[in-house]
Amino acid sequence: MADPRPILTMTGISKDFPGVRALADVGFRLFPGEVHALMGENGAGKSTLIKVLTGVYDVDQGEIALDGEPVRFSGPLQARQAGVSTVYQEVNLCANLSVAENILIGREPRRFGAIRWAALRRRAAELLRRLQLDIDVTAPLGTCSIAVQQMVAIARAIDVSAKVLILDEPTSSLDAGEVGQLFQVIKRLKDEGIAILFVTHFLDQVYEVSDRVTVLRNGRLVGEYLTRDLSQIDLVGKMIGKELQVLEHLDEERAPAAPEPVVEARALGRRGAVAPFDLTVRRGEVVGLAGLLGSGRTEVARLLFGADRADHGRILLDGVPVSLRTPRAAMGRGLAFCSENRRTEGLVEELTVRENIILALQAVRGWARPIPRRRQEELVGRYIQALRITPADPGLPVRALSGGNQQKVLLARWLITEPRLLILDEPTRGIDVGAKAEIQRLVVSLSKDGMGVLFISAELEEVLRLSHRIAVLRDRRMVAQMVNEGVDADRVMRVIASGESS
Amino acid sequence: MSRETDAVRDERVVADGESDLVAPRGAGRMRGLARHRLLWPVLVLVLLLLSNLIFTPGFFEIEVRQGHLYGSVVDIVRFGAPLILVALGMTLVIATGGIDLSVGSIVAICGAMACLRISDLGDQNEVTGVLAAIGLALALSLVLGLWNGALIAGVGVQPIIATLILMVAGRGLAQLITGGQIITINSSPYKLIGAGYWLTLPFSILVALAVTALAVLLTRRTALGLLIEAVGGNAEASRLAGIRSRRIMLMAYVFCGFCAGVAGLMISSNVSSADGNNAGLWIELDAILAVVIGGTPLAGGRFSIGGTVIGALIIQALSTTIYTIGVPPETTLLFKAVVVTVVCLVQSPAFRARVFRRRAPRPLPVAEKPKAEVAR
Amino acid sequence: MSARSSYLPSGRYVPVLATLALLAVMYGAGALRYEAFGDGQVILNVFVDNAFLLVVAVGMTFVILTGGIDLSVGSVVALTTMLSASLLKDQAWPPYAVLPLVLLLGALLGLGMGCVIHYFEIQPFIVTLAGMFLARGLCYTISTASIPIDDPFWRSMADSKVRLAGYFVSPSVLVALVVVLVAAYVLGYTRLGRNVYAIGGSPGSALLMGLPVARTRIAVYTISGFCSALGGVLLSFYMLSGYGLHAVGMELDAIAAVVIGGTLLTGGSGYLVGTVLGVMVLGVIQTIITFDGTLSSWWTKIVIGVLLFVFIVLQRLIAARGTRSAPAAPESAPLTLTAPPAR
């Protein structure tokens, strides 16, 4: 099936960022005429690998060879000229220009410096026809659906004699029909002998379109497999893995949850984000959300908190229907949401630790009722101590803290509002093991005190250890909910892989 | 009073904290001082004032004549008062990540409105009538600020564009109010605001002090300052933390309108006339300049009211200096151009990266960002 | 133009058509109300009186299309008049030396500002504000008073009339029209022009698409500087003097003309013909007010402000509709896959 000689090989690739080893001795190869899926959870190193390949980042160690020749690109532009093109998840085209221009801008056909519009349109239409697409090339790109924009991006990418096409999560904002159309295009390109590197979070798509899979985890290569030889459950297992470091045993056992529900979602959903789901969190209960990245975990949390507006279903608090259209409304009802994006959605980086911690409480009180300075210091001091935030200086700008301590600052921000339901989206991502264990212990003790917690994590072990119940998401749909008794990682993985609750 | 010192201590703590990261070498207290964010503005102001000594030996002399305080330094503060006022409002607006180009027009409109009402009075020295006129003018300034705020926070128009509307139309409105004439009045109660004295001090200085105190009170006694900085620093995080950012932005623009209104009263009172065309012309640019010199980044976030006041004083001192050394006063613009360029270049992360990269590799990734200047 | 033409005007022409309709209504109302208004010469006079503004607005259009702004144009216009007058009168330079020099200087100023904006990543607003101060300040270093120009070439440009079919325009109008045509060609038919639109649409994407963002962004400020200088030359033909207080606030007129002409202030969308219409709208407002005699001049500003408001809110509504429909409505432009060819 595939040419025995790979068109692209990457060997022994390492890449360090300050404090983090993003890639450690990773190898990767790509054959002409194959679709090769690159899989891994958050922080596995997929996007770093792609960026190293296309020259966005310099390589610290290792070799890249294209067609047997060693290469090192200075940036995406040079990579493209050498035949390595990338199409990103967010369509990086200009919505205000026409389809034809988007395909050909920068290399328009010209005569005496003047763009020949008729020839330009003709060429664009030809290129699209090569992908078996019939689109009005004079329409502004912004009026096209995301799927068409994605196709236009591919048309632009393959115009130059492309040998390698990188598709970085191209399907994450497409619906099922559009994905089918995209796959037809991919298969056609494959038949033309183009090597395609395909990044996605959707397992079904991997099996539908790819010939070969490379799995990364924590910046390391897990392995390269032929897709047909690898079962879904094995793939999930390789992606999630077992926790390498044995965390110290949580000395406190889970306390039983109270029967009365804090929050109930009834057929809550939002088009394009997550299909309608039912979910109940009780007093003192930790509900874990399991699922791969992009499965709709975060979307569930945002809908509950009113960060996004639901277009389906309703929410009950203590059995009473409520409208949570804004985060503020949700906070007024005792909800708290700690986002997974610390930097963009959590911290205000130039403010101090103290200011970041009191922000939410102050927002609820309104501007006219400032928290007295003495009370601020007392509250902040207490949480700095309780969460062991270091350095324990409330006057430090928060961006000077390490990731784990920044996360604790955000936790403190929400804990001082004394919420009844705390939603934690990946609270332990990207922080060191010690801080991780502390946060886990905190979750247990909070639930003991009667707080409901919705705990989202990519790490199955963590979810299993902390949760009373586990809800599993797959492809933007809640596929199962199970009581965490006698449930092991394998069973949850099976559900994630198959989508069927067993 | 303790709040004031708290705010000041805050700034120092931040500066100290940063200096530990930014400059690991150097010695203790000097380092903290060198990194204080008001250091450069204060230094520039002091140098500027000192340089006047060369041309005017008696520059720092202050005397009390007929119970009134006189002196070059007093004059700088007195003439700088309107700019201080406008710049105060501008500081809050810029801290939310916005900008207000319409303040000059608001200055003109409020001055015109007050003078028009006073000129209609039977007795222009009647205090209640003058107070009513002032009240009306200030109410108008609040409405104009509200208009800007509503366009920006409500409709969602970019601040620079939204306030451009009032900047253009406002001049016309001001002339409409004055009927295209320069309204001259003769009202001693009104004259007090801009040109009068009270307790030996020029009244305009007292007004500027009062509004500065109001601004400090409003932002540091309440939580408004924190919320403004949060909105300007990271709008999405602020929303998720439950801050009603629209309301905060609205308040900033209303306050900015109010400050411009007071400045308008002061300017028209000082000359006892209202000129719809020229009153407050280009004051918005001077105000933005004062804010930037004072260390508040144009991208929003952390703001410094003290810095703004010093920035405004620097601009006024510059004008006074140029006037006293006998250069044509219009060339002030050249100096302003140089100052804007230097201040912005120094604030620009890209500039620092280009210029200082070769000198020393950065010790820590944290140091990549200069103080309080994280663009959203 | 399009392969599959439709009878409805495409959405992107709506703002320009709105401006055209506005202009027609204003002209019609003027013609009904004032007898002499209907004379074709009135329209030509709008161009005669605003040729310099038109040239400046053309430069501004380039800048705004990239999503930037140039506040320095009025000052550069003033500096050009001042420098021309001073060189002609005080230094007795010949016109053929003065003209290239002032035009070059304007372009250089623009180039400098463009470089600072791009390489040091400082907002265009603040950089061109500094440029504005600088240029005005330079005016006053030359002289604080008005300098009259009595160079024969300047006089001939001021006095001569180009006649066509009973009507006339000044040579400046012809210069302005050439500028408009060249600029329209550049925007529509050269890579530079298309890159301007691409950068205005999405600077990040433009970079990732491999377009020369740095060169283009610096070029638009250079063009704006050049157009300002040329506008200054035309203004000095019109005024026959150089003065530091010439063209105060012209940047606002230019921005207003561009916005009323339907160009998005956020960049990426707009046409040069819109800018021409925008300048005409401003000119017709002035003409109506002059014709009326009872209306005062400040109504010009108020009307411009109201028009700005209307057009900005209109833009905002169009933009809001656009963002709402784009991700949520895949049916807006159905993807049609042709059947694979039978083999």
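The values are calculated or read from the model by the stated rules, or taken from the named source; none is laboratory data. Treat the numbers as computed from the prediction; the structure is a model and nothing was measured. Please note: Cβ atoms are built from the backbone with ideal geometry, for glycine as well, and neighbour counts cover all protein chains shown.
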**Report entry** Exclusive hit being in the same structural domain as B:Ala260 (by TED's automatic domain parsing) and of a type in the set (Val, Ile, Thr), set B:Ile94, B:Ile76
**Finding:** B:Ile94
Requested in this report: For residues that are over 18 Å from the mean Cα position of the chain (by Cα) and more than 14 Å from every other protein chain (Cβ to nearest Cβ), scanning just segment C:168-210, find the one that is farthest from C:Leu235 (Cα to Cα).
Outcome: C:Phe168
Report task. Filter segment A:208-221 down to residues that are surrounded by fewer than 19 Cβ atoms within 10 Å (Cβ to Cβ), more than 18 Å from A:Pro6 (Cα to Cα) and in contact with a strand residue (DSSP E or B) (Cβ under 7 Å, 6 or more places away or on another chain), then give me how many there are. Result -> 1
Requested in this report: Scan segment C:61-80 and report the pairs whose first residue is at positive phi and whose second residue is hydroxyl-bearing (Ser, Thr, Tyr), with Cβ atoms within less than 8 Å and a gap of 6+ or a chain change.
Outcome: C:Gly67/C:Thr266
Query raised in the report: Is it fair to say A:Ser498 is under 28 Å from A:Glu377 (Cβ atoms) and assigned by TED's automatic domain parsing to the domain that holds A:Ala273?
Result: no
Query raised in the report: Among (1) facing another protein chain (nearest Cβ under 10 Å); (2) out of contact with any strand residue (DSSP E or B) (no Cβ under 6 Å at 6 or more places or on another chain); (3) more than 30 Å from A:Arg5 (Cα to Cα), where does A:Arg156 come up short?
Result: (3)
**Report entry** Some residue of segment A:295-312 being touching a residue at least 40 places away in the same chain (Cβ under 8 Å), part of a strand (DSSP E or B) and over 27 Å from A:Ser445 (Cβ atoms)
**Finding:** yes
Query raised in the report: What do you reckon, is C:Gly114 in contact (Cβ under 8 Å) with a residue 60 or more places away in the chain, over 28 Å from B:Ile322 (Cα atoms) and of a type in the set (Gly, Ala, Ser)?
Result: yes
Query raised in the report: Looking at C:Leu272, is it farther than 30 Å from A:Gln149 by Cα and either modelled with pLDDT of 85 or more or more than 9 Å from every other protein chain (Cβ to nearest Cβ) (or both)?
Result: no
Requested in this report: Kindly establish whether A:Leu128 is touching a residue at least 12 places away in the same chain (Cβ under 8 Å) and either in the same structural domain as A:Leu197 (by TED's automatic domain parsing) or part of a strand (DSSP E or B) (or both).
Outcome: yes
Report task. Kindly indicate whether B:Leu298 is modelled with pLDDT under 85, over 30 Å from B:Ser187 (Cα atoms) and either more than 10 Å from every other protein chain (Cβ to nearest Cβ) or in contact with a helix residue (DSSP H, G or I) (Cβ under 9 Å, 6 or more places away or on another chain) (or both). Result -> yes
Query raised in the report: Considering only residues of segment A:343-353 that are facing chain B (nearest Cβ under 9 Å) and out of contact with any Ser or Thr (no Cβ under 6 Å at 6 or more places or on another chain), which is surrounded by the fewest Cβ atoms within 10 Å (Cβ to Cβ)?
Result: A:Thr344
Query raised in the report: Are any of the residues in segment A:282-291 closer than 30 Å to A:Glu459 by Cβ, without any contact (Cβ under 8 Å) to a residue 60 or more places away in the chain and buried (at least 22 other Cβ atoms within 10 Å of the Cβ)?
Result: no
Query raised in the report: Any idea which of (1) without any contact (Cβ under 8 Å) to a residue 24 or more places away in the chain; (2) away from chain B (no Cβ under 14 Å) is the one A:Leu324 doesn't satisfy?
Result: (2)
Requested in this report: Determine which single condition A:Asp318 fails, assuming it passes every other condition in (1) away from every other protein chain (no Cβ under 13 Å); (2) surrounded by 23 or more Cβ atoms within 10 Å (Cβ to Cβ).
Outcome: (2)
Query raised in the report: Restricted to segment C:126-167, and to residues that are of a type outside the set (S, T, N, Q) and assigned to a loop (DSSP other than H, G, I, E, B), which residue is farthest from the other protein chains (Cβ to nearest Cβ)?
Result: C:Gly166
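Are there any helices (runs of 4 or more DSSP H) wholly within segment B:1-102 with 1 or more residues that are at pLDDT 50 or above, and if so which?
B:28-35, B:39-55, B:72-95
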Query raised in the report: How do the helices (runs of 4 or more DSSP H) wholly within segment A:379-467 filter down when requiring 3 or more residues that are within 23 Å of B:Ala230 (Cβ to Cβ): which remain?
Result: A:403-415
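Condition test on A:Ala336, is it touching a residue at least 24 places away in the same chain (Cβ under 8 Å), under 28 Å from B:Thr96 (Cβ atoms), under 27 Å from the mean Cα position of the chain (by Cα) and more than 9 Å from chain B (Cβ to nearest Cβ)? Quick ask: steps written out before the conclusion?
Working: touching a residue at least 24 places away in the same chain (Cβ under 8 Å): yes; under 28 Å from B:Thr96 (Cβ atoms): yes; under 27 Å from the mean Cα position of the chain (by Cα): yes; more than 9 Å from chain B (Cβ to nearest Cβ): yes.
Here the answer is yes, as A:Ala336 does meet what is asked.
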Query raised in the report: What are the residue pairs meeting all of these: first residue in segment B:170-199, first residue within 14 Å of another protein chain (Cβ to nearest Cβ), second residue among the aromatic types (Phe, Trp, Tyr), Cβ atoms under 7 Å, and 6 or more apart or on different chains?
Result: B:Gly172/C:Trp298; B:Gly172/C:Trp299; B:Gln175/C:Trp298; B:Leu176/C:Trp298; B:Gly180/C:Trp298
Requested in this report: Please find, among A:Leu104, A:Leu49, the residue that is of a type in the set (A, V, I, L, M), under 30 Å from C:Leu187 (Cβ atoms) and at pLDDT 85 or above.
Outcome: A:Leu104
Query raised in the report: Is it fair to say A:Ile64 is buried (at least 17 other Cβ atoms within 10 Å of the Cβ), of a type in the set (A, V, I, L, M) and away from chain C (no Cβ under 14 Å)?
Result: yes
Query raised in the report: If you take the residues of segment B:327-355 that are among the β-branched types (Val, Ile, Thr), within 7 Å of another protein chain (Cβ to nearest Cβ) and within 19 Å of the chain's Cα centre (by Cα), which of them is surrounded by the fewest Cβ atoms within 10 Å (Cβ to Cβ)?
Result: B:Thr341
**Report entry** Subset of segment A:455-472 that is out of contact with any Asp or Glu (no Cβ under 7 Å at 6 or more places or on another chain) and among the hydrophobic types (A, V, I, L, M, F, W, C) - its residue that is surrounded by the fewest Cβ atoms within 10 Å (Cβ to Cβ)
**Finding:** A:Leu464
Requested in this report: Just give me the residues in segment B:315-330 being aliphatic (A, V, I, L, M) and part of a helix (DSSP H, G or I), in sequence order.
Outcome: B:Ile315, B:Ala317, B:Leu318, B:Ile322
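Look through A:Ser145, A:Ser85, A:Ser98 and report the one residue that is closer than 25 Å to A:Val199 by Cα, crowded, with 17+ Cβ neighbours inside 10 Å and in contact with a strand residue (DSSP E or B) (Cβ under 8 Å, 6 or more places away or on another chain).
Exactly one residue qualifies, and that residue is A:Ser85.
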Query raised in the report: Looking at this structure, is B:Leu289 within 14 Å of chain C (Cβ to nearest Cβ), at pLDDT 75 or above, under 16 Å from the mean Cα position of the chain (by Cα) and buried (at least 19 other Cβ atoms within 10 Å of the Cβ)?
Result: yes
